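Chemist: Pasting in a structure now, in structure tokens, and then I'll have a few things to ask.
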Amino acid sequence: RASPCQGECREFESLHPLFIMQLIYLLLISDYFLIMDRNITEGELQKLFTKPYGGEAPSRNVWASYYEEDVLFIDPTQEKYGLDAYIEAQENLIKRCKDVYLETHAVAINQNIGFVEWTMGLKILNKEFIYPGTTRLTFGESGKIKEHRDYFDFCGPTFDPVPVLGNFIRWLYSIFVS
């Protein structure tokens, strides 16, 4: 039996593979631009950088939704490369402490740079250590965080409460400040 479409259908059949290729290309391009348009908001950073004592830390899926796979993390105590290493650093901090809190005071984003001012509290061995600090975030082309750098005084809050060592740290600071 002959097909009801003779002639004009054959022209469509010859265009069909090209049409499919164009459609796939457009879908890939639109997905690329959708990824490119992902901008983390100040409100999202406020939520990400807030954890009360007793609260849950972000899950791996939450971290992955904000951080690139090849993120660079730097703070006064360590430098880590990659999402898995970043998550491991956060998990290790939580394991070392009886509890952790993070309070956000201010968030600012300008193009591909963000800053978060915060206070972190760590409960270790029945003592509370308080660290005021700031995080500088660089956003990649995907809109996710590609570099996370924390700035805070590690020595003062850590060693100041310790007898003898606290006095030494204060003396050492006075040499550089006075």
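Chemist: Considering the options I109, A57, I124, tell which one lies farthest towards the positive end of the dipole of the range 49-178, charges being +1 on Lys and Arg and -1 on Asp and Glu at the Cβ, about the Cα centre.
Modeler: I124
Chemist: Over the range 44-174, with every protein chain in place, what whole percent of the accessible area is carbon and sulfur at 1.4 Å, could you tell me?
Modeler: 55
Chemist: Another question about this same structure. Hey, can you grab everything whose amide H is under 5 Å from the amide H of I124? Only 5+ residues off in sequence or another chain; H modelled, so Pro and N-termini drop out.
Modeler: Here K98, F129 satisfy the definition.
Chemist: What value in Å³ per residue do you get for the convex hull of the alpha-carbon atoms in the range 132-178? Could the numbers behind the result be given before it?
Modeler: Numbers: hull volume 4.0 nm³, N = 47.
With only Cα atoms used, the range 132-178 gives 85 Å³ per residue.
Chemist: Note down the accessible area of T77, probe 1.4 Å, to the nearest 10 Å².
Modeler: Number for this one is 80 Å².
The values are calculated or read from the model by the stated rules, or taken from the named source; none is laboratory data. Only a predicted model underlies this, so the values are computations on that prediction, with no experimental measurement involved. Don't worry about glycine lacking a Cβ; one is built from the backbone with ideal geometry, like all the others, and counts go over all protein chains shown. The protein model used for the area step is the full one, side chains on, heavy atoms only, and it has no ligands, DNA or RNA in it. Shrake-Rupley method; radii C 1.70, N 1.55, O 1.52, S 1.80 Å.
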